[in-house]
1. Report, ordered by the first and then the second residue, all pairs with beta carbons closer than 6 Å, sequence separation of six or more or different chains, a first member in the range 275-291 that is within 18 Å of Thr215 (Cα to Cα), and a second member that is assigned to a loop (DSSP other than H, G, I, E, B).
2. For the range 182-207, how many residues meet the condition of being small (Gly, Ala, Ser) and in contact with a Pro (Cβ under 8 Å, 6 or more places away or on another chain)?
3. Report, by residue number, each residue of the range 225-253 that is small (Gly, Ala, Ser) and under 19 Å from the mean Cα position of the chain (by Cα).
4. Which pairs do you get when a residue that is on the phi > 0 side of the Ramachandran plot, found in the range 58-69, comes within reach of a residue that is open to solvent by 20 Å² or more (accessible area, probe 1.4 Å) and assigned to a helix (DSSP H, G or I), reach meaning Cβ atoms under 8 angstrom, with the pair 6+ apart or on two chains?
5. Would you confirm, using the coordinates I've provided, whether Ile148 is at positive phi and among the aliphatic types (A, V, I, L, M)?
6. Does Gly316 satisfy the condition of being at positive phi and surrounded by 15 or more Cβ atoms within 10 Å (Cβ to Cβ)?
7. Pro311 versus (1) in a loop (DSSP other than H, G, I, E, B); (2) modelled with pLDDT under 95; (3) surrounded by 19 or more Cβ atoms within 10 Å (Cβ to Cβ): which is the lone unmet condition?
8. When you check Leu213 against the structure, is it among the hydrophobic types (A, V, I, L, M, F, W, C) and open to solvent by 10 Å² or more (accessible area, probe 1.4 Å), yes or no?
Amino acid sequence: MCAASAAARGRRVLVLDHANKAGKKILMSGGGRCNFTNLYTEPSNFLGANPHFCKSALARYTQWDFLALVARHEVPYHEKKLGQLFCDRKANDILDMLLAECDRYGAQIRLQTPVAGIERIEAGYRLTLPGETLDCQSLVIATGGLSIPTLGASGFGYQVARQFGHRVLPTRAGLVPFTVTEPALKAMCEELSGTALECRVSCNGQTFHENLLFTHRGLSGPAMLQISSYWQPGDTLEIDLLPDRDPLAWLQDQQAQRPNTELRTLLSEVFTRKMAVLIAEAWFTSRPLKQYAPAELTTIAQRLGSWQVQPAGTEGYRTAEVTLGGVDTDEVSSKTMESRLAPGLYFVGEVLDVTGHLGGFNFQWAWASGYAAGQYA
């Protein structure tokens with residue numbers, strides 16, 4: 001995005017990528033359909049040490065600007081949930097669009113080209129490549145974070161930042177599934193692996209109303225991925241398994257109307273049968289509703305509406321969609337993304353300590369900041 005923007009203004013642009021294929025993370029995003037932006041993107045949906053940092057970039061290049069680009073390339077898309085926009089076909093449509101923009105304006109892309117070293121020179125920067133050196137006036141670091149190392153992710157961007165005096169805030173995996181080790185909970189997750197349901201999850205003052213997915217390792221799905229960025233080791237998650245109703249009022253009403261209905265039968269109307277039977281027997285003792293005293297109904301309601309889960313940890317960078325932390329934004333211009341310490345050096349996207357969180361969407365910040373940096377690249 002940055003390369004196409006800079007080349008469109010007549011700059012000579014070369015993208016160096018150590019991978020063997022461009023845009024690998026784009027191709028795997030959104031389950032292969034690329035959740036490329038969100039209708040409700042705004043600064044309040046971004047995390048960072050400086051919450052005001054992203055305002056300038058997002059004001060200068062909005063989701064509507066990106067949608068105009070998508071429309072120009074006739075990429076079909078749809079809104080999935082909460083403003084999330086996905087390709088109708090495959091993520092290749094977004095990658096092909098970006099590559100076409102680079103080709104249109106003459107930005108070159110060189111794959112399988114690792115950068116062995118970078119040094120300051122009078123005219124800008126000198127890069128050491130395999131068998132050659134390359135000089136440039138402006139250098140943009142758009143290397144992403146540590147997430148999904150199997151796609152080639154590394155700490156190179158942070159290494160460059162430190163080389164030129166930048167402070168790098170502690171990094172950790174974000175938008176990542178939780179793992180569990182407590183025997184009963186682990187057995188439950190393994191038994192329900194593949195089961196999804198809508199829930200409301202809360203932790204440290206943040207709440208997300210999205211889907212939960214049980215896996216054989218723990219808890220995943222959009223709700224868990226979102227809350228993972230606010231969770232710290234040792235914290236407890238509060239999960240409401242009946243987010244669209246008052247559990248106690250519902251149970252009392254069902255007891256009055258259907259006293260002979262068994263609890264597991266009732267629960268199978270809102271959960272899968274397998275899950276209903278499992279939790280009815282593991283958490284409670286399934287009996288006809290008329291046999292539960294008021295206090296027992298209250299206990300059941302509390303468990304369903306406020307399930308307390310303490311994860312053992314997360315799956316880490318291996319499956320994390322983003323990296324939290326990174327280059328301290330206090331040392332980077334919010335208008336141009338240029339380093340305040342090294343003129344002509346820019347940092348864009350996930351390498352910065354700003355991560356977008358809005359209904360499962362992760363890419364708008366890379367686009368917005370890439371465009372802003374492109375203004376001066």
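The values are calculated or read from the model by the stated rules, or taken from the named source; none is laboratory data. Computed from a predicted structure; not experimentally measured. Methodologically, a virtual Cβ is constructed for each residue, glycine included, from the backbone with ideal geometry; neighbour enumeration extends over all protein chains shown. What goes into the accessible areas is simple: the full protein's heavy atoms, side chains included, and nothing from ligands, DNA or RNA. Shrake-Rupley method; radii C 1.70, N 1.55, O 1.52, S 1.80 Å.
1. Matching pairs, first to second residue: Met275/Leu192; Met275/Thr195; Ala276/Ser268.
2. 0
3. Ser228, Ser229 - these are the residues of the range 225-253 that are small (Gly, Ala, Ser) and under 19 Å from the mean Cα position of the chain (by Cα).
4. The qualifying pairs do not exist here.
5. Values: at positive phi: yes; among the aliphatic types (A, V, I, L, M): yes.
Criteria met by Ile148.
6. Values: at positive phi: yes; surrounded by 15 or more Cβ atoms within 10 Å (Cβ to Cβ): yes.
The answer is yes for Gly316.
7. It fails just one condition, (2).
8. yes
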